[in-house]
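Notes follow once the structure below has been shown.
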Amino acid sequence: MPRRTIKLLTYNVHSCIGSDRKLDPGRIASVIAETEADIIALQEVDVGRRRTGGIDQAHIIASLLKMQAHFHPALSVAEEQYGDAIITALPTGAVKSGPLPSIGETRGALSVEITVGDQKLLVVNTHLGLRGRERIQQMTTLLNSGWLHGTAEAPLPTVLCGDFNAIPSSATYRLVTRTLKDAQLAGPGAPRATFPARYPLMRLDHIFVSGDLVVKKAAVFENRLTRVASDHLPLLAEIGFA
């Protein structure tokens, strides 16, 4: 039986508030559904926040997609939470979440081991800070402190994805690409910018993969809906096992 490929999407959803200022988790779920992604990594997700009606955005989006959500609050104030989620209908195993060294707003990461056919895949989702020095510390932590190892004896095939706030000429990007491949460069076609959604100029959102994964294709998902649903465009990669 051939090993299956999976579609993985990373998407900064801006608390489900679009450039038209509408709050609409259903619209975000529609964007995701259109991509037919198997695994979805979301950043800037609100859970129980007054500003977005106190709802659990991770749970609502996952329910609309008939999937399960794992959520990690990078920021918690009383009942209000804000952070990253990994959503999938595939079987999941070990989950790890925690903070990253932060200078400004607290940042964190979330990793989930996901079973794809007869293989295990480690997916790590993060949203790095706005300062260059801070991002270097955060990326160094992700690369060196066991985040990319998982619970297996040998390292698992790994995807590190999210909003890195780092363009390809940055030190943070250069640091990660010493270890992992940029999916947009590994697949056919020219890399495309993800931010801002209406007139994309910067490549801030990335999917990085370990050497034992093959990128069949990677594309920024851009249409009328994605240009308004969030301030970032979603990035989709189709990945297989080497």
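The values are calculated or read from the model by the stated rules, or taken from the named source; none is laboratory data. The shown structure was predicted, so the numbers you read here are calculated from the model rather than taken from an experiment. We place every Cβ from the backbone using ideal geometry, glycine too, and count neighbours over all the protein chains shown. To get the accessible areas, we keep the full protein, side chains included, count just its heavy atoms, and leave off ligands, DNA and RNA. Shrake-Rupley method; radii C 1.70, N 1.55, O 1.52, S 1.80 Å.
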Can you tell me which of (1) at pLDDT 95 or above; (2) outside any strand (DSSP E or B); (3) touching a helix residue (DSSP H, G or I) at 6+ places or on another chain (Cβ under 7 Å); (4) not aromatic (Phe, Trp, Tyr) is the one Ile87 doesn't meet? (2)
Check Val159 against each of (1) in contact with a helix residue (DSSP H, G or I) (Cβ under 9 Å, 6 or more places away or on another chain); (2) open to solvent by 40 Å² or more (accessible area, probe 1.4 Å) and name the one condition it does not meet. (2)
Could you identify the single residue in Val77, Val95 that is hydrophobic (A, V, I, L, M, F, W, C), without any contact (Cβ under 8 Å) to a residue 40 or more places away in the chain, under 28 Å from Lys217 (Cα atoms) and surrounded by fewer than 19 Cβ atoms within 10 Å (Cβ to Cβ)? Val95
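One line per residue, one yes/no per condition, for (1) in contact with a His (Cβ under 6 Å, 6 or more places away or on another chain); (2) modelled with pLDDT under 95; (3) in a loop (DSSP other than H, G, I, E, B):
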{"residue": "Pro188", "(1), (2), (3)": "no, yes, yes"}
{"residue": "Pro191", "(1), (2), (3)": "no, no, yes"}
{"residue": "Gly211", "(1), (2), (3)": "no, no, yes"}
{"residue": "Val214", "(1), (2), (3)": "no, no, no"}
{"residue": "Ala218", "(1), (2), (3)": "no, no, no"}
{"residue": "Glu222", "(1), (2), (3)": "no, no, yes"}
{"residue": "Leu225", "(1), (2), (3)": "no, no, no"}
{"residue": "Leu233", "(1), (2), (3)": "no, no, yes"}
What is the residue count in the range 72-88 for residues that are more than 16 Å from Cys16 (Cβ to Cβ) and of a type in the set (Asp, Glu)? 1
Scanning the range 14-46 residue by residue, those more than 17 Å from the chain's Cα centre (by Cα), open to solvent by less than 40 Å² (accessible area, probe 1.4 Å) and not charged (D, E, K, R) turn out to be Gly18, Gly26
What about Ile28, is it touching a helix residue (DSSP H, G or I) at 6+ places or on another chain (Cβ under 6 Å) and part of a helix (DSSP H, G or I)? yes
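One line per residue, one yes/no per condition, for (1) hydrophobic (A, V, I, L, M, F, W, C); (2) open to solvent by less than 40 Å² (accessible area, probe 1.4 Å); (3) without any contact (Cβ under 8 Å) to a residue 24 or more places away in the chain; (4) not in a loop (DSSP other than H, G, I, E, B):
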residue	(1), (2), (3), (4)
Asn125	no, yes, no, yes
Leu130	yes, no, no, no
Gln138	no, yes, no, yes
Leu148	yes, yes, no, no
Ala154	yes, no, yes, no
Scan the range 90-117 residue by residue and report those that are touching a strand residue (DSSP E or B) at 6+ places or on another chain (Cβ under 8 Å), among the hydroxyl-bearing types (Ser, Thr, Tyr) and not in a strand (DSSP E or B). Thr106
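Every residue, every condition in (1) under 23 Å from Thr115 (Cα atoms); (2) of a type in the set (Ser, Thr, Tyr), yes or no:
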| site | (1), (2) |
| --- | --- |
| Thr151 | yes, yes |
| Val159 | yes, no |
| Val176 | no, no |
| Leu180 | yes, no |
| Pro188 | no, no |
| Pro191 | no, no |
| Arg203 | no, no |
| Asp212 | yes, no |
